[in-house]
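Contents: one structure, followed by commentary.
The values are calculated or read from the model by the stated rules, or taken from the named source; none is laboratory data. On a predicted model such as this, the values are computed, not experimentally measured, just so you know. Heads up, the Cβs are rebuilt from the backbone with ideal geometry, glycines too, and the neighbour counts pull from every protein chain shown.
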Amino acid sequence: MSPAVPTENDETVADDDAGNVVLGAPEIARALTRIAHEILERNKGGADVVLLGIPTRGLPLARRLAERLIAVEPGLHASQLVGSLDVTMYRDDLAHHPTRTIGETDIPGTGLDGKVVVLVDDVLYSGRTIRAALDAISDLGRPRAVQLAALVDRGHRELPIRADYVGKNLPTSTGERVRVLLQECDGRDAVLIEGGAR
Amino acid sequence: MRHLLSTADLSLADAVRILDTAGSMAATQAREIKKLPTLRGRTVVNLFFEDSTRTRISFETAAKRLSADVINFSAKGSSVSKGESLKDTALTLQAMGADAVVIRHHASGAPHTLATNGWTHGSVINAGDGMHQHPTQALLDAYTLRRHLMGPGDVTGRDLAGLRVAIVGDVLHSRVARSNVHLLHTLGAEVTLVAPPTLVPVGVGAWPARVSYHLDAVIADEKPDAVMMLRVQRERMSSAGGGFFPSPLEYTRRYGLDARRLDALPDHAIVLHPGPMNRGLEISADAADSPRAVIVEQVANGVAVRMAVLYLLLAGSDAPAGTISDEAKVNA
């Protein structure tokens, strides 16, 4: 079972399920608000920013960040600010998993050339998804810069990739599983750590 | 799914999955850079024992767009003309490390023989065998029908429930008709075969389709959402027309799609043809060039559908050439 290709949640939503809740809904909301302000601060506004969410759970996160950017800068439009970037066909581990379903790629009509692309994903782990995303971006256009926002950075990088914006650094062991639950996909907001110490 | 030999093997879920994946592939083909790295390092052999232009080029394009290496093999000018058997040809390709073999053969059942005798470890994709099956053609027809008739809006996940499709012409010699009857039935569409009695195959009663000898009656009574014209396969009709119909003119009068019959179709109905067309025989120039003919689009959709089939057969660890890792790495 790989959370990267989630089967729609089969668990009964209960607060005492197997994992420890490390972030609840208010913490997730605060982290996203902080990241939104960091994005605006670093890029001196949101004029050239394009938020690309990586399906499945990066996409709702990107949409929530966009809402926050628009709240600060009302001149921005969600349709030109958010897109989704599916990286399935660029992965280097396709042959090691059962066939993955291809997600949706939807780039804002203004394209990526000259923009500042902020990749948005739920968990940053080995870095291989982001490597695939960088390859996918280079086939779609030539952004001025690419930055990375992750709700959780759990370490154990296998590639020289780091996040520009992190919701929470979460030191984990490789035996543990980090699960991000979002209202849009799972009916509630939470970050859980499961398993480990086996 | 390991091989794609016949549309009769596909479940509804399989068929919808292939069409949905084809939709994702089609979206990538609208980009400036159409090539994807997905099947890098995989080898696809096009093994063609029978003449073909569009199917071979379509498979070659699909494999190259996914970065697979493509080896084209046509029987003409190969050792087959020296008498080499299918088995020995297959063993040779196996020794060269083919991950997938796309085979077209004049004998019905040749792809099945290739897939089930252990001659090759790769996936076998049937690109047309004799008068039996041509599954990727049926899939691209279904994809085209879904795109035009199941909308408006996003058709992902939809089947073809309730569509009425008339398949008209040389059903007897047509693997396209056989593949479509099974696939369209699986997807929930109602199929009517229209042909002169001499071109209706024996045993058609067992097919999940109605049969009619009268095109005008079918158009008037059933109001089909789509008509699929079949090529009259004169090369399969033995000398002097073979006696299947009295004259080409009479065939055209009774079974050809002309401007009058085109006008009699419902306004939303579309016209398909697997190509190559015999203009003036089964389809008039008026019909072939009308805006309701989606014949050129079928060719473009063919590349997306074949990319989807190659992706689903070759990319994952359930594909034969992949190595299956013990524990799936998470998140990344």
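Annotations for the structure displayed:
- When the range A:119-156 is limited to residues that are of a type in the set (S, T, N, Q) and at the interface with chain B (Cβ under 9 Å from one of its Cβ atoms), the one that is surrounded by the fewest Cβ atoms within 10 Å (Cβ to Cβ) turns out to be A:SER138.
- Cβ-Cβ under 6 Å pairs, at least 6 apart or on other chains, the range A:169-193 side at negative phi, far side part of a strand (DSSP E or B) and acidic (Asp, Glu): A:ASN169/A:ASP153; A:ARG177/A:GLU194; A:VAL180/A:ASP122; A:ILE193/A:GLU176
- Of A:PRO171, A:PRO143, A:PRO98, all but one fail to be in a loop (DSSP other than H, G, I, E, B), modelled with pLDDT of 95 or more and not hydrophobic (A, V, I, L, M, F, W, C); the exception is A:PRO143.
- Among residues of the range B:219-231 that are touching a residue at least 40 places away in the same chain (Cβ under 8 Å) and crowded, with 23+ Cβ neighbours inside 10 Å, those with a Cβ under 9 angstrom from a residue that is of a type in the set (Val, Ile, Thr) and assigned to a loop (DSSP other than H, G, I, E, B), sequence gap 6+ or separate chain, pair up as B:ALA226/B:VAL294; B:LEU230/B:VAL171.
- Residue match in the range A:83-103 (condition: touching a strand residue (DSSP E or B) at 6+ places or on another chain (Cβ under 6 Å) and within 9 Å of another protein chain (Cβ to nearest Cβ)): no
- Selection over the range B:158-199 of residues that are of a type in the set (A, V, I, L, M, F, W, C) and not in a strand (DSSP E or B) gives a count of 14.
- Here A:VAL116 passes the criteria (1) more than 25 Å from B:LYS35 (Cβ to Cβ); (2) surrounded by fewer than 23 Cβ atoms within 10 Å (Cβ to Cβ); (3) in contact with a Leu (Cβ under 7 Å, 6 or more places away or on another chain) except the one numbered (3).
- Residue in the range B:276-285 that is modelled with pLDDT of 90 or more, within 14 Å of chain A (Cβ to nearest Cβ) and at negative phi present: no
- Pairs where the first residue, in the range B:14-35, is more than 13 Å from B:VAL155 (Cβ to Cβ) and the second is among the acidic types (Asp, Glu), C-beta under 6 Å, 6+ apart: B:ILE33/A:ASP139
- Some residue of the range B:16-26 being more than 11 Å from every other protein chain (Cβ to nearest Cβ), assigned to a strand (DSSP E or B) and surrounded by 16 or more Cβ atoms within 10 Å (Cβ to Cβ): no
- With respect to the conditions (1) modelled with pLDDT under 95; (2) over 16 Å from B:ALA315 (Cβ atoms); (3) surrounded by fewer than 19 Cβ atoms within 10 Å (Cβ to Cβ), B:ARG2 lacks only one, and its number is (2).
- Taking the range B:262-286 as the range and being crowded, with 20+ Cβ neighbours inside 10 Å and of a type in the set (Lys, Arg) as the test, no residue passes.
- Sub-6 Å Cβ pairs linking a first residue in the range B:152-177 that is over 23 Å from B:SER238 (Cβ atoms) and in contact (Cβ under 8 Å) with a residue 12 or more places away in the chain to a second residue that is of a type in the set (Gly, Ala, Ser) and part of a loop (DSSP other than H, G, I, E, B), at least 6 apart or interchain, are B:ASP159/B:GLY188; B:LEU160/B:GLY188; B:LEU160/B:ALA189; B:ALA161/B:GLY188; B:LEU163/B:ALA189; B:VAL165/B:ALA189, ordered by first then second residue.
- Hey, B:LEU47 more than 12 Å from chain A (Cβ to nearest Cβ), part of a helix (DSSP H, G or I), touching a residue at least 40 places away in the same chain (Cβ under 8 Å) and surrounded by 16 or more Cβ atoms within 10 Å (Cβ to Cβ) or not: no
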